[in-house]
Amino acid sequence: MPSIQKILVANRGEIALRVMRSARELGIKTVAVYSEADRHALHVRFADEAVFIGPPPSAESYLRMEKIIDAARKTGADAIHPGYGFLSENEDFAKLVEDEGLIFIGPSAKAIELMGSKLAAKAAVAKFNVPLVPGTSEPITDVNNAKKIASEIGYPVLIKASAGGGGKGMRIVEDEKSFEEQMERAISEATSAFGDGSVFIEKYITKPRHIEFQIFGDTHGNVVHLFERECSIQRRHQKVVEEAPSSILTPEKRKAMGEAAINVAKSCGYYGAGTVEFILDDKLNFYFLEMNTRLQVEHPVTEEITGLDLVKLQIKIAEGNPIPFKQDELKINGHAVEVRVYAEDPSNNFLPDIGTLQTYNRPQGHGIRVDDGFEQGMSIPFYYDPMIAKLICHAEDRAGAIEKTIRAIDDYEITGLETTLGFCKFVMQHEAFRSGNFDTRFVENYFTPASLLPEANEDEELIASLLATTLLNGNGKATEETTIATPVSKWKKNRL
Ligand code: ADP
């Protein structure tokens, strides 16, 4: 059984750090790679060794397979962890790593390839009786034929890119009138994003919930699931708030979905960490969406409720060890919520708002975890995903986790750019979220830029507290304490 001595992490930011921390705890040496834009990044400082791999654009650095392999050879690394994004779901990369005699900390190239095509994946899992969203099983190019199929399926329908990811090339079509135009758009978006314009049609599930299962397989044929994550709070079809467990699953439904997730993994001989995504309709019927063949951004909520370190588990499996527990030994402990802190402006359609972290103070306390890759004074590079951090709060139950998240958001100080923190607080305080009665259209249904303005009563509170302090001072001037004592968090102060 090969035991890994040195891991090269082919990634950057919070995930590179997160992987390296676990590796170090296992006594494994770490190698960072970095682009020009990341010369001073925290993952570079943390690693035992670091190798420069090129200019800032990822196509010239983090996506260049041969540079990464070269770096591994130069430093004598015996394994590569791809993180998420970049090369993590690239079967050619997984194959290249293995051809070089190195260990790829992830699934087989074959499983990545099969699950990388939404249509091929659907065909494979159908053989294992996993329920699918009604739709086409072949790519479609002819508009008239596509229209005919859409009306058979029944509107609304969703046009999706076969090679899709990141919500790109996806179009909801409400009725036949707009079908042609939307199909053209989906094809052109898919062509420019993936170099592959093939699309297919699915029934659009109304009031959908996105619920995914974390699975783990080993090279001995064992597969387990580590329960679900609810990821229905999204913007642009992309997740921004996640929690575990989901508030709507009964134990029976969890069992049925968990078994389906394990079958998806079995359909492609899966080993390593993976996520099986399902969509649920308002009657809680579930359908397979896709499988992501990597560690997900939101994996910490699963770690919090299971007490497991998923990166350590990935490493152990890559070394050839069997999964060290059985399905029925796993238990859900409490509730965890993750909010993603992006450098984005929620009041401007969540567009990136890149800049420098003029103030950056993390919240603290029991059950609070911040996974980030930045420090005060650092700039968020324009070249990569604008995520600054993930704030994960764990408590004994859902209500406790929500209250802890609100408190942590209030204590999180970020100035210099707009972030999604205020939006996430809005979600935590919203009745639909609190009652568990929401779907993936939460943002469209409830959120407007005005939702971020300090509420009228908070304004009154603020004025009252300023007045009271001023009166107490007796000199008509606000002291420093006045500002510090004001019960408004920094992200809100920014807006006042
Ligand atoms: P991507 O790989 O681009 O992220 P997914 O297939 O995972 O695409 O879908 C992303 C999101 O789009 C889902 O979480 C869900 O919110 C929405 N979605 C996907 N398929 C459907 C569907 N058939 N009906 C309703 N919503 C859908």
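The modelled label-to-label distance between Ala59 and Gln238, using points 7 Å beyond Cα along the C-beta direction, is 1.8 nm.
Can you tell me how region 324-412 classifies by the Cα gyration tensor, rounded, prolate or oblate, using a/c under 1.5 as the rounded cut?
Details: a/c = 2.23, a/b = 1.86, b/c = 1.20.
It comes out prolate by the Cα gyration axes.
Centre-to-centre separation between the Cα atoms of region 307-347 and those of region 191-244: 16 Å. Counting only Cβ charges, +1 for Lys and Arg and -1 for Asp and Glu, the dipole size of the chain around its Cα centre is about 600 debye. Between His366 and Lys127, the distance separating the two model label sites (each 7 Å from Cα on the Cα→Cβ line) works out to 5.2 nm.
Which entries of Lys122/Lys283; Lys160/Lys207; Lys312/Lys404; Lys6/Lys316 have Cα-Cα distances beyond 25 Å here?
Among Lys122/Lys283; Lys160/Lys207; Lys312/Lys404; Lys6/Lys316, the Cα-Cα distance tops 25 Å for Lys312/Lys404.
Taking a point 7 Å out from the Cα of Gln376 in the direction of its Cβ, the residues of region 337-358 whose backbone N falls within less than 19 Å of it are 355-358.
Hey, what's the chain come to in accessible area per residue, 1.4 Å probe, Å²?
Values: 20940 Å² over 496 residues.
In whole numbers, the chain has 42 Å² accessible per residue.
Test of understanding: extend the Cα→C-beta vector of Thr206 to 7 Å, then name every residue of region 122-138 with backbone N under 19 Å from that spot. Within reach of a label on Thr206: 133-135. Label-to-label distance for Ile406 and Arg185 is 3.7 nm, based on points extended 7 Å past Cα in the beta-carbon direction.
Using the Cα centre as the reference, give the magnitude of the dipole from point charges on the C-beta atoms of region 6-105 (Lys, Arg: +1; Asp, Glu: -1; all else neutral), rounded to the nearest 20 debye. Walk me through the numbers on the way to the answer.
On the way: 13 positive and 16 negative charges, 92 e Å.
My answer is approximately 440 debye.
Sorted into 5 angstrom bins from 0, the C-alpha pair distances of region 134-203 split as 4, 21, 33, 26, 13, 3 percent. At full extension, Ser192 and Asp328 could sit 44.4 nm farther apart than now, given 0.36 nm per residue minus the alpha carbon distance. Taking all C-alpha pairs of region 209-450, those more than 26 Å from each other amount to 39 percent.
Kirkwood radius, region 71-142, all distinct C-alpha pairs, inverse of mean reciprocal distance: 14.2 Å. Size check on region 1-133: the Cα extents along the three principal axes, sorted descending, read 48, 37, 26 Å.
What percentage of all Cα-Cα pairs in region 170-262 are separated by more than 15 Å?
On the way: 3067 of 4278 pairs.
More than 15 Å apart: 72 percent of the Cα pairs in region 170-262.
Which of the three applies to the chain, rounded, prolate or oblate, going by the alpha-carbon gyration tensor with a ≥ b ≥ c and a/c under 1.5 meaning rounded? Numbers along the way, then the final one.
Details: a/c = 1.60, a/b = 1.22, b/c = 1.31.
Oblate.
About its Cα centre, region 134-203 has a charge dipole of approximately 160 debye under the convention of +1 per Lys or Arg Cβ and -1 per Asp or Glu Cβ, with nothing else charged. With the convex hull of its Cα atoms as the shape, region 30-100 has an orientation-averaged projected area of 4.4 nm². When the Cα positions of Pro322, Thr275, His335 are compared along the charge dipole of region 249-338, Pro322 comes out farthest toward the positive end, with charges on each C-beta of Lys, Arg, Asp and Glu.
Reported to the nearest whole Å, the Cα centre-to-centre distance from region 65-117 to region 260-302 is 21. Net length available on complete extension from Asn349 to Arg39 is 108.5 nm, with 0.36 nm assigned per residue and the Cα-Cα distance removed. Cross-link pairs exceeding 19 Å in C-alpha to C-alpha distance, out of Lys255/Lys326; Lys29/Lys326; Lys118/Lys390, comprise Lys29/Lys326; Lys118/Lys390.
Where does region 74-189 land on Rg(C-alpha)/(2.2 N^0.38 Å)? Walk me through the numbers on the way to the answer.
Working: Rg = 18.4 Å, N = 116, 2.2 N^0.38 = 13.4 Å.
Taking N as the residue count of region 74-189, the ratio is 1.37.
The values are calculated or read from the model by the stated rules, or taken from the named source; none is laboratory data. Please read all numbers here as calculations on a predicted model, not as lab measurements. Ideal geometry is used to build each Cβ from the backbone, glycine not excepted, and the neighbour counts take in all protein chains shown. The protein model used for the area step is the full one, side chains on, heavy atoms only, and it has no ligands, DNA or RNA in it. Shrake-Rupley method; radii C 1.70, N 1.55, O 1.52, S 1.80 Å.
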